[in-house]
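Asker: Next up is a structure, given as structure tokens.
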Amino acid sequence: MYNDKDAKKIVDIIQSYARKHSLWVVAYGTGCGAIEIPPTMTSRYDAERFGIRGSATPRQADVLLITGYLAVKTLKRVIRTYEQMQAPKFVMGFGSCTINGGMYWDSYNTINALDRYLPVDVFINGCMPRPEAVISGFIKLQQLISEGKAEGAEKYLKNLEWYRENQNKVIPNWNMPDYNW
Amino acid sequence: MEELKIEKEIAEEISKTFHSAEVTVKREKRVVVKLRDDLITPFLSYAKNNMNFIHLAHISCVDWLEDNKFELIYSLLNYDNKVMILAKTYIDRENPEFVSHTNYWDQAETYEREMREMYGINFKGNKRLTEFILEDWQGIPPMRRDFDTVKFSQDTFYNRPGRENAQDVRTTVTKKSGEEIPEIGKDYTVRNL
């Protein structure tokens, strides 16, 4: 008889090792922060040495970057994008706008706290965060993945009602499809 | 003033044609025309066809809350002498309605759609007054000055605690340098966070 607990652990280690070294990011820029992504990806900061690279479609991606302020109209698209992604999936809040509204805290059309609407694994502060900060955020995410603590997707499914309630509060006309995960 | 020769000629032509118009030459290449609201359509038509102001650069709106008026500003450009005319008019704020000018310029459609959404002005004759930038907006249009954006944001979106001791930039800077905020800026400075 083999030890069931240990066997699972080894699989987990291999799985998370593979996961953390291939983080594919959806090519979707929501705010002004998307301008920091090209320097992060290209030769100067070269994020691909950490296994971070762009992905064209949400269904093939692992990470959703919320780069900066989120208008209510964009939030709708972001929720749709997030729900199309397949688990394991992670969300990174980028810049102070996603944390507490940043300089748009009193705007009529931008949300103030992203983690009320989507489960956020890592927040990067700054306005805007430089490519170094972005990469350090990704390394934090890799750390969380290897420790098995990046459980945003499970949290979302578990607390779906609470998230939907918050989402419906800012999106009154909810005409989106239900995705079957 | 030799330089303002073209501008003065244009101003003279306008005031000859439209007697009730208040024409001022603001500066080089900028002529401001204040008109009655029913004269805007004839004026735009005249400027486009007879004075070669063929380009509608912009239509903007100003909310004069104290006077209970909306001010509409039509910017017209002449490509030959590069003069820009700003045709201004006041409309009623309570029941804001105006004539659409999509028949003169197609691009007026977009500006009118935006003004309908942001100020609630209904442009009669515009066939595409549908939802533009805001989605599912309920309540008063957000660019009106009686719309309280701070209160709306606090009611609608969750405000994470921790901003309570955030300081107003203008007050902090003036305190540091020992200056005083001018009377005109005081209304916009003090805000309850």
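All of the numbers you see were taken from the coordinates with simple rules; none came from a lab. What you see is a predicted model; the values in this text were computed from it and never measured. Because the Cβ atoms are built from the backbone with ideal geometry, glycine has one as well, and the counts that use them run over all protein chains shown.
Asker: Averaged over its residues, how many other protein chain Cβ atoms are within 10 Å of peptide B:133-139's Cβ atoms? Mind showing how you got there, number by number?
Answerer: Values: counts 3, 5, 9, 9, 4, 2, 1.
That works out to 5 on average.
Asker: Please arrange A:Met103, A:Met85, A:Met41 by counting, for each residue, the other beta carbons lying within 10 Å of its beta carbon, fewest first.
Answerer: Working: A:Met103 12, A:Met85 24, A:Met41 19.
The fewest-first ordering by Cβ neighbours comes to A:Met103, A:Met41, A:Met85.
Asker: Same structure, new question: Among bridges DSSP assigns within chain A, what percent are antiparallel (round to 5)? Each step should come with its number before you reach the end.
Answerer: Details: 1 of 14 bridges.
Bridges in chain A that DSSP calls antiparallel: roughly 5 percent.
Asker: Still on this structure, please answer the following. Pairs A:Lys169/B:Lys175; A:Lys20/B:Lys151; A:Lys89/A:Lys169; A:Lys73/B:Lys124; B:Lys16/B:Lys127; B:Lys69/B:Lys127: which exceed 32 Å Cα-Cα? Present the calculation step by step, with values, prior to reporting the outcome.
Answerer: Values: A:Lys169/B:Lys175 40 Å; A:Lys20/B:Lys151 42 Å; A:Lys89/A:Lys169 25 Å; A:Lys73/B:Lys124 27 Å; B:Lys16/B:Lys127 34 Å; B:Lys69/B:Lys127 25 Å.
Flagged as over cut-off: A:Lys169/B:Lys175; A:Lys20/B:Lys151; B:Lys16/B:Lys127.
Asker: Using the Cβ atoms and a cut-off under 10 Å, what net charge is assigned to the surroundings of B:Thr89, where Lys and Arg are +1 and Asp and Glu are -1?
Answerer: Values: positive: B:Lys34, B:Arg36, B:Lys69, B:Lys88; negative: B:Asp37, B:Asp38, B:Glu71.
Once all neighbours under 10 Å are counted, the net charge is +1.
Asker: Okay, next question. Rounded to the nearest 5, what is the percent of antiparallel bridges among the DSSP beta bridges in the protein assembly as shown?
Answerer: Numbers: 24 of 45 bridges.
Here the antiparallel bridges make up roughly 55 percent for the protein assembly as shown.
Asker: Give me the extension gain from B:Glu28 to B:Asn52: residue separation times 0.36 nm, minus the current Cα-Cα distance, reported in nm with one decimal.
Answerer: Residue separation times 0.36 nm, minus the Cα-Cα distance, leaves 6.8 nm.
Asker: Once you place label points 7 Å from the Cα toward the Cβ at A:His21 and B:Gln107, how far apart are they in nm?
Answerer: 5.5
Asker: Based on the Cβ-Cβ distance of B:Lys88 and B:Arg163, what FRET efficiency does E = 1/(1 + (r/R0)^6) give at R0 = 41 Å, to the nearest 0.05? List each step's numbers first, then the result.
Answerer: Numbers: r = 40 Å, r/R0 = 0.97.
In this case the efficiency is close to 0.55.
Asker: Give a quick list of trypsin sites (Lys or Arg not before Pro) in region A:76-108 that DSSP marks as loop, anything other than H, G, I, E or B, with at most 10 other Cβ atoms within 10 Å. The partial results should precede the final answer.
Answerer: Working: sites: A:Lys76, A:Arg77, A:Arg80, A:Lys89; in loops: A:Lys89.
When the trypsin sites (Lys or Arg not before Pro) of region A:76-108 are filtered for loop state and at most 10 Cβ neighbours within 10 Å, nothing remains.
Asker: Let me ask you something else. By the scheme Lys and Arg +1, Asp and Glu -1, what is the net charge of all other residues having a beta-carbon under 12 Å from that of A:Phe123? Show your work: numbers first, answer last.
Answerer: Details: positive: A:Lys140, B:Arg160; negative: A:Asp115, A:Asp121.
Combined, the nearby Lys, Arg, Asp and Glu give 0.
Asker: Measuring from a point 7 Å past the Cα of A:Trp174 along Cα-to-C-beta, which residues in region A:74-104 have an amide N at less than 14 Å?
Answerer: A:76, A:79-80
Asker: Same structure again: Average partner chain C-beta neighbours within 10 Å, per residue of A:169-176?
Answerer: Numbers: counts 3, 4, 2, 4, 3, 1, 1, 0.
Neighbouring Cβ atoms belonging to other protein chains average 2 per residue here.
Asker: Another question, if that's okay. Counting pairwise Cα distances across chain A, what percent come out greater than 28 angstrom?
Answerer: Working: 3889 of 16290 pairs.
Here the long-distance tail beyond 28 Å is 24 percent of all Cα pairs in chain A.
Asker: Over all residues in A:63-72, what is the mean tally of Cβ atoms on other chains that come within 10 Å of each residue's Cβ? Working shown, then result.
Answerer: On the way: counts 0, 0, 0, 0, 0, 0, 0, 0, 3, 6.
For peptide A:63-72, the averaged partner shielding equals 1.
Asker: Something else about it: Counting alpha carbon pairs within less than 8 Å and at least 6 residues apart, what relative contact order, in whole percent, applies to chain B? Walk me through the numbers on the way to the answer.
Answerer: Values: 259 pairs, mean separation 24.5, N = 193.
It comes to 13 percent, rounded to a whole number.
Asker: Where in region B:21-100 are there GluC sites (Glu not before Pro) that are in a DSSP coil and have at most 15 other Cβ atoms within 10 angstrom of their Cβ?
Answerer: Working: sites: B:Glu22, B:Glu28, B:Glu66, B:Glu71, B:Glu94, B:Glu97; in loops: B:Glu28, B:Glu66, B:Glu94.
Those that pass, being in a loop and sparsely packed, are B:Glu28, B:Glu66, B:Glu94.
Asker: Work through the residues other than A:Thr74 whose Cβ is under 14 Å from its Cβ and net out their charges, Lys, Arg +1 and Asp, Glu -1. Please list the in-between numbers first.
Answerer: Working: positive: A:Lys73, A:Lys76, A:Arg77, A:Arg80; negative: B:Glu135, B:Asp136.
For residues surrounding A:Thr74, the net value is +2.
Asker: Any idea what angle helix A:160-170 forms with the longest principal axis of chain A, computed on alpha-carbon atoms, 0 to 90 degrees, nearest 10?
Answerer: For A:160-170 against chain A, the angle is about 20 degrees.
Asker: Here's a follow-up. Along Cα→Cβ, 7 Å out, is where each label goes; now give me the distance between the ones at B:Ile133 and A:Glu151 in nm to one decimal.
Answerer: Taking the two extended label points, one gets 4.3 nm.
Asker: Follow-up question, since we're still on this one. Would you please report the Å³ per residue occupied by the convex hull of the alpha carbon atoms in region B:14-169?
Answerer: Numbers: hull volume 25.0 nm³, N = 156.
Convex hull of Cα atoms, per residue: 161 Å³.
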